[in-house]
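Only one structure is covered here, and it is reproduced in the block below.
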Amino acid sequence: MMLKSMIINRLRLLLVVMAYTLAVHAGNDEMPIIGYWGVPENNTSEENFRVMSECGFTVSLFPYSSTKQLVRACRAAVKYGVRVLGQCPEMTKAPAVTALTLKRELGFFGYFIQDEPSVVEIRSRQKEIERLKEVDNTHCFYINLLPYSDPKQILPAAKARTYPEYLRAASATSCQQLSFDFYPIQTSGLRETWYHTLEMVRQESLTSGKPFWGFVLSVPHAKYPQPTMASLRLQIYSNLAYGAQAIQYFTYWTPGKNPQFDFHDAPVDVNGKKTRTYALVQQMNQELKSVARLFYGGHIRAVHHLGVVSQGASRLTVAPVNLKQLKVTGKAGAVVSELEKDGHLYAVIVNKDYKKNMRVDLQTLNNLPRYVNKSLQEEPIKSSYTVLPGDLLLLKLR
């Protein structure tokens, strides 16, 4: 009788492992769309994760008070195709037991280790990651880095002499990706160091072989204005043009009252009610999911700028393959990257102006280049295009 019970229990465990493996692999062909500060612990419910899923998110990030609460969230989230990137005190206090529990949860995405650490903290967190990884090496380990927004403030906080040094410290950990936050659009305009940060992050990503994850701002606060479709597009498409393999929104759920930052109008408010931002982000995510199929798993061969060349970037001096001429007319210029995917080469042209249209004029060398719409359908190429504020133009070069 005891032997029979043992066999049944082992079969059950095997089925759990098989189901988990299938779930993980099923999500591997889809770019993660992460809601930073997702559904809070006190609001955990299937209904709230349903609303999050309908907004287009696939991952909810939140720190929990216990493993029990994290597991509860995983089980509510997975019913609507959302997984949880979470943190709990037991990850440090009892890593082996915690990892053994979490690795079996279908709704678990990964371990949230720390946000915006210094180099010293990054190296300290690696020990924590190693203890968790001894039991669970199938999920991601997540550290999110400081941006190169204001070098005079950021480098002392990072305890690094240079930003590349800070990035190298992060890529030396067992984290499978480089994640950094940067909110480039303020009421005063576009921050000058944003593209410089993207350049440095992309270089470290190429050197380390680890993909990077970018951010987009979806909660107005302090000197950051209400998002628009154009501002969301500019942030997302610039990240993708540089090679980002996941998009994170700060935030999905509006954080509680904070006199310093005055957070308001994230996609849902502090009570979980939809705000004016919800439909905007929902529309953006529908668009992103379609376009991301081209970028996810692709390789950005080169990134240059046309027109106005942002700080840290380089000017495009030679037209992409099979184009005789590529000209842009617009106040802010464009990001132009070359993307390889499934044996094909594409040009990605992003309008860096989130207020005004940009004109793109083309001359081809042959009949190979094609226009690619956001449904990834190919169409005959035209000699001129109008690109909306913050939007992108996709061309299949060969």
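Does segment 180-216 hold any residues that are open to solvent by 10 Å² or more (accessible area, probe 1.4 Å) and of a type in the set (A, V, I, L, M, F, W, C), and which are they? Passing the criteria: ILE185, LEU190, MET200, LEU206, TRP213. Among the residues of segment 157-190, what is the count of those that are within 27 Å of GLN226 (Cβ to Cβ) and out of contact with any Phe, Trp or Tyr (no Cβ under 8 Å at 6 or more places or on another chain)? Of the residues in that region, 2 qualify. Among the residues of segment 294-346, those identified as open to solvent by 50 Å² or more (accessible area, probe 1.4 Å) and not in a loop (DSSP other than H, G, I, E, B) are HIS299, ARG301, HIS304, ARG315, LYS324, GLN325, LYS327, THR329, GLU340, HIS344. Return the residue satisfying two criteria in turn: it lies in segment 277-293 and is open to solvent by 20 Å² or more (accessible area, probe 1.4 Å) and either under 20 Å from LEU85 (Cβ atoms) or touching a residue at least 12 places away in the same chain (Cβ under 8 Å) (or both), and of such residues it is nearest to the chain's Cα centre (by Cα). That would be LYS289. Every listed requirement among (1) without any contact (Cβ under 8 Å) to a residue 60 or more places away in the chain; (2) surrounded by 22 or more Cβ atoms within 10 Å (Cβ to Cβ) is met by GLN226 save one, (2).
Note on segment 65-177: enclosed strands (runs of 3 or more DSSP E) holding 3 or more residues that are open to solvent by 10 Å² or more (accessible area, probe 1.4 Å) are 108-115. Inspection of segment 234-243 finds no residue satisfying the criterion of being open to solvent by less than 10 Å² (accessible area, probe 1.4 Å), in contact with a Phe, Trp or Tyr (Cβ under 9 Å, 6 or more places away or on another chain), more than 23 Å from VAL360 (Cα to Cα) and not β-branched (Val, Ile, Thr).
Close Cβ contacts (under 7 Å, 6 or more residues apart or on different chains) running from residues in segment 118-140 that are of a type in the set (S, T, N, Q) to residues that are at pLDDT below 95 and open to solvent by 20 Å² or more (accessible area, probe 1.4 Å) comprise THR138/VAL24. Scanning segment 377-398 for residues that are farther than 16 Å from ILE236 by Cβ and in a loop (DSSP other than H, G, I, E, B) returns GLN377, ILE381, LYS382, SER383, LEU397, ARG398.
The values are calculated or read from the model by the stated rules, or taken from the named source; none is laboratory data. Bear in mind that the values here come from a model prediction, so they are computed numbers and not experimental data. Because the Cβ atoms are built from the backbone with ideal geometry, glycine has one as well, and the counts that use them run over all protein chains shown. For the accessible areas, the whole protein counts, side chains as well, though only heavy atoms, and no ligand, DNA or RNA atoms are used. Shrake-Rupley method; radii C 1.70, N 1.55, O 1.52, S 1.80 Å.
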